Structures are given as C-alpha cells and as structure tokens.
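Trainee: One structure is given below, represented as structure tokens, and several questions about it will come after.
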Amino acid sequence: MPFSDKDKSLQGVYKSTSHQHNPHHPGECGRRMCSECYTNQTFVYDDGSTHKYTSRLAPDKSGVILDISTLKMNELETEVPPLPPRYRFRDLLLGDQTFQNDDRVQVEFYVNENTFKERLKLFFIKNQRSSLRIRLFNFSLKLLSCLLYIVRVLLDDPTHGIGCFNCEKQNYSTKSHTHSINWDPIIWVDRRTPLWAIQVTVAIISFLETMLLIYLSYKGNIWEQIFRISFILEMINTVPFIITIFWPPLRNLFIPVFLNCWLAKCVLENMINDLHRAIQRTQSAMFNQVIILICTLLCLVFTGMCGIQHLERAGENLSLFKSFYFCIVTFSTVGYGDVTPKIWPSQLLVVIMICVALVVLPLQFEELVYLWMERQKSGGNYSRHRAQTEKHVVLCVSSLKIDLLMDFLNEFYAHPRLQDYYVVILCPTEMDIQVRRVLQIPLWSQRVIYLQGSALKDQDLMRAKMDDAEACFILSSRNEVDRTAADHQTILRAWAVKDFAPNCPLYVQILKPENKFHVKFADHVVCEEEFKYAMLALNCVCPATSTLITLLVHTSRGQEGQQSPEQWQRMYGRCSGNEVYHIRMGDSKFFMEYAGKSFTYAAFHAHKKYGVCLIGVRREDNKSILLNPGPRHIMASSDTCFYINITKEENSAFIFKQEEKQKRKGRGICGEPSRLPVHSIIASMGTVAMDLQNTECRPINSSKLTLPSENGSGTRRPSIAPVLEIADSSTVLPCDLLSDQSEDEMTQSDDEGLPVLEYVKGYPPNSPYIGSSPTLCHLLPSKAAFCCLRLDKGCKHNSFEDAKAYGFKNKLIIVSAETAGNGLYNFIVPLRAYYRSRKELNPIVLLLDNPPDNHFLEAICCFPMVYFMVGTIDNLDNLLQCGIIYADNLVVVDKESTMSAEEDYMADAKTIVNVQTMFRLFPSLSITTELTHPSNMRFMQFRAKDCYSLALSKLEKKERENGSNLAFMFRLPFAAGRVFSISMLDTLLYQSFVKDYMITITRLLLGLDTTPGSGYLCAMKITEDDLWIRSYGRLFQKLCSSSAEIPIGIYRTQSHMFSTSEPHDIRTQSQISINVEDCEDTKDTKEHWTAKPSHRNSTSSDQSEHPLLRRKSMQWARRLSRKGNKQSSKTAEWISQQRLNLYRRSERQELSELVKNRMKHLGLPTTGYDEMNDHQNTLSYVLINPPPDTRLELNDIVYLIRSDPLAHVANDSQSRKSSNSYKTEHTGNPDTRDETQL
C-alpha cells in the first residue's frame, strides 16, 4: 500500500530521487539513505513492506530508509509533530506532555552564590549560626587583647629603665620634676618577648579578619568602609604590631590596645542580634539597650583608667587601681580630690572623657527611658520560665474598659483554686488611665500582666505564651456601632489563636447569632444576642428571670446585705449566694443515700435534709445534662448531680443534732413548719456549717392532696402525699400540661362562639441563621402572608389597622428594637414553645425602628400571633397604634446605634429618658429595659429626693467597699427584674472555666436548647387557695409528689412605704398621709395584695413624688401648732395633704388628657386607658433556693423546673396512643404529627 502524505509526515522522511552523501550528518544526506550512512537501518518499500537495509538491496526498488535507533531515542520529539493549541491545552489537562519539543533550555538558579566571594559572605555574614560563631571568636580576641594590655601594664616597671627594643634603658624616675614633660615614658614601654609574640598573633588575626570583612561587605564605595570608626580603631591596634615584626626596635612602642574595648562593645551588639536571629526569638529592645548602656559605662571607665595610668607615667606614676579609683570618683560626680592628674596630657584626657560621657550617656539614658515608657505601654513579655512554672490565662479584647476588667478579675479570682493563676491581657490599644491605675494596686499588680499587641501576630501570641496558657478568653467589643464588624474581629482572633496554639482551650464571646458557627470549634461559646433575647422573653412569662439567671452565674458568699436593718435585704442577700455546683453521686454526702431511687425523691429529701436543691443529672455514658428528668429517672452512683446551694459540698461541714425530746403540745405532725429542718448557714472563707435536724416521723396521710375545704373546722391540717422512692404512674401525673393543651385546642371560644384557630405543633421550617437549636413550637397550619404580619396596615386578607381590632384575649407583649436582627427569633421561640398552654400564648408585637427584611419575615411567618410595626418608643402615636394600653409587658432592647457615646455611661441616656416617660404615661405597664452599662440602672424609675433610694445608694457603696461582686443587686429595678444589662452575663463565660456545664444549664433554663428528657423553666402563682401549704418546704413536697416539679426559687412582691424623709419617720408619715384617689381606684386595688394584715396599702404613692412640697407643708403645720390649738394643727396638716394630692391629681389628669387626645386623633377608642396606680409602694425581689421553713405569701411566684412531657410520651407509647394530650388536633400534615411524637 502506498504511503499517503499524512503517513509520510508522520514518519518525517520522504522519498527523493537525488542523494548526496554527508559523512558528518547522516540524517541530512537526503531523503533516500545510502549504505554508508547507517549500519542499523530498515528499508520501507512503497507497498508498505520492510526489510533490513544492506548493500545487497535491489537498487531499482524505491522506498524510504528509517533509522530505528534514532526514532527510539527521539520518539517523543520526532514521532508526533506539535499539535494545535487547542489540543495542547487538552493534553495538558490530561497530563500528556508529548507536545513539548527540543526547544527547552535548562536554567540554573542562584549561580551567583557559587562564586568564592559569595560562599565566604554566606559563611561570615549571611548564615546566622556561622556568623554568630565568627562574632563570638572576634569578641574573644578583643577581650584577650585588653587582658594582655593589663598584663603588660602589671609587668612594666618604669624604674628599671625605658627605651626602644635592644636599646640602652634609661631611668627617668630619678629626675627632678620640672615644668617640661618627659615624653619617653609615654612613648616607650617595657614589653616582654612572649607577650609581644601573643599580641602580634592576635593583631594579625584581627587584621586579616577585618580586611576580609571589608572585602566581603564592599559595595562600590571603599571610602565608606575606610572611614568607619571601627576600622580606624582596628588599624590603630593591629598595624603597629605588624610593623614591629619587620622593624624590631619598635617592639617597645606604646600602642593603645585598650581601645579594643570599644570594638568588643560593637561586636557584642552584633552578636546579640545574631543570637536572637539564630534562636528564632524576638529580641528585646529593652534588654539590648541595657546591655549597650552597661557596655558604654564599662568602656568609658576602662578607657579613662588605662589612658590616665599611661599618661601619668610621666607624672606621679599612678597604678591601675588608683586610676580606676579616680575614674569611679570622677564619673560618679563625688570628686574627693585625693587623686588627681598632675600633667596636662592626662588632664586633657580627663576633660575629653567627661565631655564624651556628657554626650554619650544622656543619649543612652534617653533611649533607655523611651524604651521603658514604650514597654510600660506595650507591657513587655510574659517570661517563658514563669509560663512553665506558673499557670496563666490570656484575655484577648479589642479595647479594655475598667468595668470589663473588674468584672473579669472579680469573677475569675472569686474561685479559691484560681488564686495562683496569672492573667495576661492582650489588647491592641494603649492602656487606659483608669486601667493603669487599677493595675498598680498591689492586689492586681502581682497577678495581672498587660501586653499591648494583636492576637493576629504570632510574635504577640508568643509574648503572651499562648501555647502554654491554661485558657484563652476572647471577648467582643459590644460598644462598637457595627457589631457585625466586631464579630468579624473576634472570629479572626479565635482563628489566629487556634492556629498558633491548637491545644489551648478557647472561651469565645460572640455578639450576633449568625456568626456563631464560625467559632463552633471553640470549647465554650456565648452568643450575646441569643441569651439576651431568650432572657427578655422569659421575663414576660416568668418575672425577673434576668435577675434569677444573673444571680446564679455570679460568684457570691451570700453575705451581701446582712448588716442591713431591712429584713427583705438580708433574706435577698443571703439567697443570692446560691450557685450551681456539681458532684458525683457516689462521692456525695448529699445524694449518696438516694442511689437506686427516683430523681424526684432524691431532690425532695436532699432539700428537706440538707437544704440543697437538686436540679439536674447527667449519666456517665451520656454527655447530655437533663434538668428534672422526672420521677421515672432512677439515680445511679455514677451519675453527676447538679444542685443549687450556698457553696459546694466539698466546702461544707456537717453537724448533726438529735431531735429535741420536748415537743410542744399539738405540734406532733412532721409537716409543720416548726418541725422542718432549720438551716443555719454561716458563710465564712468558703466553708459552710449546716445545723441539721434528724426527723424520724413520717407523714400521717399518704393519700392524695387534701384540700383545705375538706378539713372544715377540724383540728388536723391538710396533709401532703409523700414522695415515692419509685415512680408510680397512678400517683404522679406528669402529663397534665399536655392534656390541658389538648383541651384548649378542642375548646371553642366561650365569649363569642367563634371557632378557635387551629395550631399545630412542629419545628419551625425556616431558621434565620445557622446553629439555632430546633425547638418544638406552636405553629400556624400554613404560613401567614407577609402583608398580614403588619399590625398597623390592613391588607386583602384582613382590614385590621390597630391592636384593638384584632380582639386579642391575652395581653400583648411589645418588643422595641432598632432592627429585626436574627436574635429576635430567640425572643419568639421560648414564648411559642410546645409546653406552653395555648391559652397562655400572648400576642407579640415587634416595634422596629427600621423595616424588617424578607428573610426575617420568612422565619417568623409560621408563628401564631406575631406582628410587627415600624415605629419608635419616643413617638406616642406609634406606642398607641401598637396597642400599648392593651399590653402587659414592654421590652425595650438596647439599640446598637446608641451603644457608643463620646462620654462614658451616656450611651443609655436616650433609652432611660424614653422609658421614664412611658413609666409616667402608662404606670401600670411592666417595662423591662436593657441597658449598656449596669451602673445606669439607678436611674430607672427615678424619683427625686427619695430617701429610700438614697439609703439603697449608700448600701450599694458599702457593699462595693466590702468587695462584693453584686453591689448593684439591691437596686429596686434590678431586684424586680425591670432592668437588665448583657454585660452582667459576662460572668457566665468566666465561670465556665471552672464550671464547664454552666453554659449548657443556662441554655436549658432559657429554652435555647431542648434536650429530650430535660425539663424547662416555668412559674406558678400562689393564690389564696394555696396558702394552706404555709411553707416553702411543704410546697416542695407537694409539687414533687403531685406533678414531679422542682421549685428553685420565689419571686416575692410586698408592699413598702417609700418616704421622703428619714427612715425612722416612715411610720409617722404613713399615719398622716391621706390620698383622695383611694376612693376612685377601688377597682384597681382589688388586684393588689390586701389580704394579709401585715401588708400596707399599696395605693398611697403620692407622698413620694414631691418631698419638698410635703416638707414645707409639714413645717407650715408645725408653725400653726405653736400659734394655735390642736384643732388648728390638724386642720393645717389636712390642708397641706389636700394641696399635695390636688397638685398630684392635676399632673395625672394632664398626662391622661394627653394620651386620650392622641388616641382620639388616631381614631382609637379611649375606653382601654384608665388612670391606674403605678405600684410605687411595692418592691419585688428574687429568693433563690430559700430555706424550707420560709413562709409562703400571697401572690408569690414560684420558679419551677417542670419535667419534659414528651419524655413520658417516648417512654410509654401505649399511653401516648390512648391520651389526647399526646396528639395534635386536626393536623392534616403527617410530618407534623410525627414530630410531636418524639
């Protein structure tokens, strides 16, 4: 078969009729090969057949001769020609390199380093370790030359004669002193031959080294190298010695070898730099400067000593020691004058040395002082030795404020085992003046180290010894206007620390919930907005939840307020010392005896016997913490118990007292308050001594709860059923909540007869951010349209334009925020959780400064009765349109745009004034306010010239002086849960260093996380029908035996008379105060607590508003009493009170008219607005884990941890199928029904 043109091109050889032999290039002889060109060739005929080429081939056949060996050697280059570019790129992707040809050129790099000069430069200069060795050798030579000079001086005796080498020595010491100077003792010295040989050797080596370094560092300007001071000194000290080799008479010539000390100083500076480079450590400028200063002083003294000693050879012939003495006395400015230079050359040298010292030393000291000041600003370094021998933690912040620092230090060092820890603060900004002043206090100066630097720099992390730290706390700057940018900085810091020290535990504080997943790798993360909104939401259904959580996460000994004359302050302060602790059940004296019994039984009896409140447990094989897992949970010795107590069990001493034999008549029942354990808790140095009573009697009646009405007039009080060791489904009814919900869902409206909207239980389909915990909630069967979420504007689905038109059955919850951030999602979820009764769901209105985006509306459109409106709280029209007169709770969230102010603590000014205005306009409204600075809470509900508030202020200052971490706890707004600051929760992150479970327990209490089988926080109110229980201990037993609920505290509200005079005049003023509004507000007073005789009337609040007018009226009354009779005195008092009340009444009428006029202007009905009392004569506070003998009072709100109803559904599927409480009514979605059955 003949070859085609394509085949011929592939072979690269063509037939040719002409042939020219080329013996030098056989491949270029032509296209037809001859026998003289190749010996290993193959002939290819035109028909495609091949034959080994020999000289006997027939010449008449045409063909092509192929060189097989050449083709094999150059197969890649000659077999396939270059392909088009499109095929080359494809082959490159496929890894085919056949497109390359022989155009490649091999390039060698760094050929300049192969020269002899570059190799020498690499060894002497560039290489760190070899350069360090060379400099160390050079430094040794300089020191040796100085030592040899001293040896020469000690061996030289001018009295034996002076002269050149091998010359006749002349003794000049016997000559008389004249005004002329004999220069021979100065020019000539006596140098021994061995000493001369050593000095010459050292000089030659130094000279050669110097010339070599000059050659290597030459860059085109030789004069720059020659006129260097170090080069000139080197030549002065080495060249004369080399000359003496060739000219022996000059061997005794004086050579100022002592000047080598300055060369040694320069070499030492370079050697220190090379040393730091070699060991890869950042050099300390302070250390270097101190070394330079010391070397400068030594060189000055050594030069002066040697120079004066040598010049005085022509004078008094001073010894080295006397010269040294003279230099020290002179440079220290003492100047005794006993040793002085006698000739003018030595005197001139002293003048020169003093001038040099006056110029050089101040410069050195100035540099040292500058570096010292900079070090004080930057904080220096945390030494490696201290990091290896001591324990320390690192605190990384963007800007350090005094409040943040003191909160961290007080909480961190409140734990006894952390007293020996050091705190290293790493902050990029300069230390604040207040922070500097605090860190100078001996209490903190020995334990706190401030370093100015960035966590993004490895050098600064190395300074802080981050790799050796026990923990690293990374806090966000919440005062930034752009909180997202602050989070980004926190995320980068966390990444940098994790990259530098992977084994260092991270404790990260983040602001925005959407940024939380970036730091998920951290050991502990606290998202500020998650906790804030969840806590504010629970404040609406469980009053003062913010105060409860704040007290739990603060470290306290319960000694606050114990010296106060107020009983509520003593009790409130004592109970505030309760915290959450943990212990293994097998190692606990509190709970060891309850192994094998139910959780509810262990909780009740531990509280009855020891006064501790068991709230949760964790199995050994499970990392999940369960709050009140219920009576079906059987305790095991390996379980970890979590309990609330004044102190942990390890710091408690147990003193058992036998039961008293003498019993009062008629008080033999065990459940009586007098027979309950009385706990005398004495907190001292972290140790608590408990006086316990052993009670052996059992409850008489173990049946169900006997109602008070059934006892009639009998002598026996109602008894409470005992708590069973093992749960019995017939006595424990844990599913009451779900059954109530089912009944609610199946019930129609009684008032209007309208069918109730169907709600389903399920998980919200849209989460606004990554990382939110799924929570089973009440949801709408179908998502609401975005237009229906707008409260103040109607749409095609409904025409409602205000809250009144909707006809809500429950009071509204209004939230005022600047923007609809993702954190608001955590406000809605706890209020729509599945365990809340449908009748308890309050409508939620979001009053936003800026319109929300569709992403947020998509997340909330599935929740029932959630609306939004654009407006602000400083606009009365917006407040009235959103239904504030129908609201029970108003939550004012701190705005991001006002968190920073030019003056500290002024960031809350606008919020405080707006809330004070609403407090005056709507006195019956419960307002919860978030503030940036906790210290500003004293301005909430401010009443001028209130003596009681002044007394509380004095108490706060006294507690702060005593070192309390909760000095602000006695402020009435905080105690009542009316004010909250997120900075108070910073201690939660700090406590997690010692208690790693605190964040988890707090999230479970707030409803941020839902663990299957774990309970939730709720509240119940004590009514008149519940007062027969009498004490908190009996209530504990009643709840544990009936509904398996664990009470953890009480929110108590009591009447209090606030006066405008001294405290001892309260009773007198309360007797003479008359309020004309009492008769008008009888409808409101029925809602207050007037059942107990000990409670004062809570409607008399006028006298506290205008103390000046009241004081003047009293003075006027006293003047009348002096002039007239008793009747005129009484008349004057009555007139003054009437005047005060009328003035007060006119102010209220004015505010009422203002509100009603605005409502009429907006077309809103005015029937919902009434002049209600502002409850200024009541105070509220939280009692955490009160003693069992604490008496219950009317309207007490008890905090409960209720067991998870769905946990019993999972444990008993048969009961789930037969009970309506475990079903979802009329749910057409099977997925939702499955979600309900956990």
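The values are calculated or read from the model by the stated rules, or taken from the named source; none is laboratory data. Because the structure is predicted, anything quoted here is derived from the model rather than measured. Note: ideal-geometry Cβ built from the backbone for every residue, glycine included; neighbour counts use all protein chains shown. Please note that ligands, DNA and RNA were not included when accessible areas were found on the heavy atoms of the full protein model with its side chains. Shrake-Rupley method; radii C 1.70, N 1.55, O 1.52, S 1.80 Å.
Trainee: Any idea how far apart Leu212 and Asp904 come out in nm if each label point goes 7 Å out from Cα toward Cβ?
Mentor: Output for this residue pair reads 6.2 nm.
Trainee: Something else: Could you list which residues have their amide H under 5 Å from that of Ile615, counting only those 5 or more apart in sequence or on another chain, with H placed in the peptide plane?
Mentor: Amide H to amide H, under 5 Å and 5 or more residues apart or across chains, Ile615 pairs with Phe642, Tyr643, Ile644.
Trainee: Could you give each residue of segment 764-780 its phi-based ³J(HN,Hα) in whole Hz, using Karplus coefficients 6.51, -1.76, 1.60 with θ = phi - 60°, and x for Gly or Pro?
Mentor: Computed from phi, the couplings for segment 764-780 are x, x, 10, 9, x, 8, 7, x, 6, 6, x, 10, 6, 9, 6, 10, 6 Hz.
Trainee: Let me ask you something else. Calculate the spin-label point distance for Gln1138 paired with Cys795, positioning each point 7 Å from the Cα along the beta-carbon direction, and give it in nanometres.
Mentor: 5.9
Trainee: Moving to a separate point now. With a 1.4 Å probe and every protein chain kept in, tell me what percent of the accessible surface of segment 517-616 is carbon plus sulfur.
Mentor: Of all accessible area on segment 517-616, carbon and sulfur atoms account for 47 percent.
Trainee: ³J(HN,Hα) across segment 596-603 via Karplus (A = 6.51, B = -1.76, C = 1.60, θ = phi - 60°), whole Hz, x for Gly/Pro?
Mentor: Coupling constants for segment 596-603: x, 10, 6, 5, 5, 4, 5, 5 Hz.
Trainee: Of Lys957/Lys995; Lys520/Lys609; Lys532/Lys995; Lys520/Lys761; Lys401/Lys954; Lys516/Lys609, which pairs sit farther than 32 Å apart, going by alpha carbon to alpha carbon?
Mentor: Lys520/Lys609; Lys516/Lys609
Trainee: Right, another one. Quick one: Cα centre-to-centre distance for segment 532-555 and segment 1012-1036, in angstrom?
Mentor: Answer, in whole Å: 18.
Trainee: Positive end of the dipole of segment 185-269, charges at C-beta (+1 Lys, Arg; -1 Asp, Glu), about the Cα centre: which of Leu250, Met235, Tyr215 has its Cα farthest in that direction?
Mentor: Leu250
Trainee: Counting C-alpha atoms alone, how compact is segment 518-627: give Rg to one decimal and Dmax as a whole number, in angstrom.
Mentor: Both quantities, over Cα of segment 518-627: 17.4, 51 Å.
Trainee: Given labels modelled 7 Å from the Cα in the Cβ direction, how far is it in nm from Leu443 to Asp157?
Mentor: Rounded to a tenth, the inter-label distance reads 7.2 nm.
Trainee: Here is a follow-up. What list of ³J(HN,Hα) couplings, whole Hz, do you get for segment 818-828 from phi and the Karplus terms 6.51, -1.76, 1.60, once you set θ to phi - 60° and write x for glycine and proline?
Mentor: Computed from phi, the couplings for segment 818-828 are 7, 9, 8, x, 5, x, 4, 4, 6, 7, 7 Hz.
Trainee: Figure the gain on full extension for Asp587 and Ser140 (residue separation times 0.36 nm, minus the Cα-Cα span) and round it to one decimal in nm.
Mentor: Gain on stretching Asp587 to Ser140: 154.3 nm.
Trainee: Name the residues whose placed amide hydrogens come within less than 5 Å of the amide hydrogen of Gly577, ignoring near sequence neighbours (fewer than 5 apart) on the same chain.
Mentor: When sequence neighbours closer than 5 places are left aside, the close amide H contacts are Gly558.
Trainee: Among the trypsin sites (Lys or Arg not before Pro) within segment 222-278, which fall in a DSSP loop and have no more than 16 other Cβ atoms within 10 Å of their own Cβ?
Mentor: Listed in order of number, the matching sites are Arg228.
Trainee: Say a paramagnetic label sat at a point 7 Å from the Cα of Asp523, along Cα to Cβ; which residues of segment 392-436 have their backbone N under 11 Å from it?
Mentor: It comes to 393-394, nothing else.
Trainee: With +1 on each Lys and Arg Cβ and -1 on each Asp and Glu Cβ, how big is the dipole of segment 885-1041 about its Cα centre, in debye rounded to the nearest 20?
Mentor: So the dipole magnitude of segment 885-1041 works out to roughly 600 debye.
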